[in-house]
Amino acid sequence: MSNLVIVESPAKAKTIEGFLGSDFTVRSCYGHIRELPKKGDPIDVENDFSPTYVVPQDKKKVVSELSSLAKQSEIVWLATDEDREGEAISWHLLHALKLKSENTRRITFNEITKNAVLRAVDSPRDIDENLVNSQQARRILDRLVGYELSPVLWRKVKPNLSAGRVQSVTVKLIVQREQEIINHNPVETYKVTATFLSNEKSFKAELTSNLGSNEEAESFLNSLIDKTFTIQNIVKKPGKRTPSAPFITSTLQQEASRVLGYSVSRTMSLAQRLYEAGHITYMRTDSVSLSKDAMGAAQQQISRAFGSHYCNPRKYQNKNKSAQEAHEAIRPTNFAVDTLNDDSPEDKLYKLIWRKTIASQMSDAEIEKTNIQISCDGQAQPFVSTGEVIKFDGFLKVYGLANDKESSELLPSVKEGEQVDCKDVVATQKFSRPPARYTEASLVKKLEDLGIGRPSTYAPTIKTVQDRGYVEIKDLDGVDRSINIISLVNNEIKKTTQVEKVGADRKK
């Protein structure tokens, strides 16, 4: 045996072994092989925070087997992930297996395809000490913070709790949001909507601003009795919708939650399987960019499937200045494959990634926005009806609901100065709402906006604060609340009440 390739996971090893010849043996180290010992003081604070690492009991067999294989090999290839954790794993392998630098190669790739793996073998590099030191610094900081704070929790709250650099801030955000909800004082307003008829076609319009009280709403509706309604102004403007960037870790977690109902941890688990099977690029990334090869492949697929007029190559840039951008965005490795054809959870996530990436390289959707103002004698505030028609679906053909949008917001053809019939006017009591409780997805977005944690930390952090019992995800039934409704129909004022749920939440 002349070559030993070491990766993190068995699934990844199996996929890569199929790409390399018989001269290569691929084995898994099953993640980190050295850790800071759980007991004692492994960090020498007085000596530049120097750490002491040990091989855990459950990894000694793995290290022994890898060490034996390494001694039989001419070259050892360290093929762990390209991020900080992956770089640190390679560094630990180098030292734990006592590898010699002259016959050790570090290779990286952000997609598990034959071409990517062979290119990596052709261009090895040294271990990036800066990435390793960065990972160690954060690990040491976690240890110092967590091991100082956790005993306080054990004494003051209960045993087996933990604190940390990211999870403590996460819990604080959730507590602060709950306090905002408790302290919220609802403000009452009345929303006024009207239904108008033109050429036997009905359309709805809203008063430009809400009214402040029941008395004001009733007085306003009384002032409309026997009044004439006229089309005061019609404005049509061309507009467009532009596709958003391909997925990064946080946006994939948010969209998978919204569209598929997946938890953050489930999304990452499924994405890991897709990556290890060679279907997508590396799933822990904060970069929205695509390589030239990927953009070219996407364009070919779009032209083939929809026509060249649907193509619009785009290069996206990160708004977050602290983004590392070590990888591409999350994308398919083969754009010709739009489905795995098994309707599995992995397949659903893959199709979401495929659609998002393809849409990012497609043309804008062209729309026509229409704004109609309806005036009434003696009233300063007009009613306003807005709608839009999609003239060219563009990227919405792949990633959007163009047909639903077109049919639901189509307005009738009217002219300025035309009188329209008023079918009804309804003033509905509304109350201001407190800030929404976090879902897993919205919590990820908040952490990202504040620059807390990294793509690899979101899922384990959210899982940890639940496992520790600091927070819980649950459904709330809410309570009933009566709301007043004042209606003007056939020049008569009617008052009714409805019951609405307040405070109901799902998976928050």
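Every read-out reported here was derived from the displayed coordinates using simple, explicitly stated rules and does not represent laboratory data. Keep in mind the model is a prediction, meaning the values are calculated, not measured. Note that we place each Cβ from the backbone using ideal geometry, even for glycine, and neighbour counts take in every protein chain shown.
Between GLU65 and VAL259, the simple spin-label model (points 7 angstrom out along Cα→Cβ) gives 3.8 nm. Assuming a ≥ b ≥ c are the square roots of the Cα gyration tensor eigenvalues, decide whether the chain counts as rounded (a/c under 1.5), prolate (otherwise, with a/b larger than b/c) or oblate. Oblate. Database remark: amide H of VAL420 closer than 5 angstrom to the amide H of PHE229, THR230, ILE231 (H placed geometrically; neighbours at sequence offset of 5 or more, or on other chains; Pro and chain starts carry no H). What shape does region 352-492 have by the C-alpha gyration tensor, where a ≥ b ≥ c are the square roots of the eigenvalues, rounded means a/c under 1.5, and otherwise prolate means a/b greater than b/c and oblate the rest? Since a/c reaches 1.5 but b/c is at least a/b, the shape of region 352-492 is classed as oblate. Using the Cβ-Cβ distance between ASN199 and ILE473 with R0 set to 51 Å, the FRET efficiency works out to roughly 0.50. The Cα center of region 346-382 and the Cα center of region 423-495 differ in position by 23 Å. A simple spin-label model places the labels of SER101 and LYS319 4.4 nm from each other, with each point 7 Å out along Cα-to-Cβ.
Multiplying the residue separation of ARG155 and ARG481 by 0.36 nm and removing their Cα-Cα distance gives an extension gain of 113.1 nm. How large is Rg/Rh for region 249-360, to two decimals, with Cα atoms and a Kirkwood Rh? Across region 249-360, the Cα-based Rg/Rh ratio is 0.95. Exposure proxy shown here: for SER385, SER219, SER73, the number of other Cβ atoms within 10 Å sets the order, fewest to most, as SER219, SER73, SER385.
Simple rule: put +1 on each Lys or Arg Cβ and -1 on each Asp or Glu Cβ in the chain, find the dipole, and look at PRO238, LEU99, THR461; the Cα lying farthest toward the positive end is LEU99. For LYS430, list the lysines whose Cα falls under 19 Å from its own Cα; do not include residues on the same chain fewer than 8 positions away. Straight-distance partners of LYS430: LYS191, LYS204, LYS494, LYS495, LYS501.
Toward the positive end of the charge dipole of region 93-228, with +1 on the Cβ of Lys and Arg and -1 on the Cβ of Asp and Glu, the farthest Cα among VAL175, ILE127, THR108 is that of ILE127.
Note on GLN57/ASP142: beta-carbon distance plugged into 1/(1 + (r/R0)^6) with R0 of 25 Å gives a FRET efficiency of 0.70. In order along region 121-133, phi translates into HN-Hα couplings of 5, 6, 9, x, 9, 7, 5, 7, 5, 5, 5, 4, 5 Hz, rounded to whole numbers, per the Karplus curve 6.51 cos²θ - 1.76 cosθ + 1.60 with θ = phi - 60° and x for Gly and Pro.
For region 341-440, the set of GluC sites (Glu not before Pro) satisfying both a DSSP loop assignment and a count of at most 10 other C-beta atoms within 10 Å is empty. As a calculated quantity, the FRET efficiency between ASP347 and GLN379 at R0 = 45 Å, using C-beta atoms, amounts to about 0.20. In plain terms, the chain from ASN233 to TYR30 could stretch by 66.3 nm, reckoned as 0.36 nm per residue minus the Cα-Cα distance. For region 70-147, the normalised intensity computed at q = 0.10, 0.13, 0.16, 0.24 Å⁻¹ comes to -0.28, -0.45, -0.64, -1.12 (log10 of I(q)/I(0), Debye sum over alpha carbons, equal scatterers, no solvent).
Tell me which GluC sites (Glu not before Pro) from region 62-97 have a DSSP coil assignment and no more than 14 other beta carbons within 10 Å of their own.
Qualifying residues, ordered by number: GLU74.
Qualifying trypsin sites (Lys or Arg not before Pro) in region 20-116, where qualification requires a DSSP coil assignment and no more than 16 other C-beta atoms within 10 Å, comprise LYS38, LYS39, LYS98, LYS100. Across region 49-60, coupling constants 3J(HN,Hα) worked out from phi with the 6.51/-1.76/1.60 Karplus curve, θ = phi - 60°, read 6, 5, x, 10, 10, 9, 8, x, 4, 6, 10, 5 Hz, and Gly and Pro carry x. Ignoring solvent entirely, what values of log10 I(q)/I(0) come out of the Debye formula for region 114-234 at 0.11, 0.18, 0.23 Å⁻¹ when each Cα is a single scatterer? Calculated log10 I(q)/I(0) at the listed q: -0.72, -1.11, -1.28. Cross-link partners of LYS397 among lysines, defined as those whose alpha carbon lies under 16 angstrom from its own and excluding same-chain residues fewer than eight positions apart: LYS240, LYS351, LYS356, LYS405.
Using a/c under 1.5 as the rounded threshold, could you call region 3-130 rounded, prolate or oblate? The axes a ≥ b ≥ c are square roots of the C-alpha gyration tensor eigenvalues, and prolate needs a/b larger than b/c, oblate otherwise.
Prolate.
The protection proxy used here, the mean number of other Cβ atoms lying within 10 Å of each residue, ranks peptides 233-241, 13-21, 296-304 as follows, highest first: 296-304, 13-21, 233-241. Each residue of region 289-295 was assigned a 3J(HN,Hα) from its phi angle through the Karplus expression (A = 6.51, B = -1.76, C = 1.60, θ = phi - 60°), giving 7, 10, 6, 4, 4, 5, 4 Hz with x at Gly and Pro.
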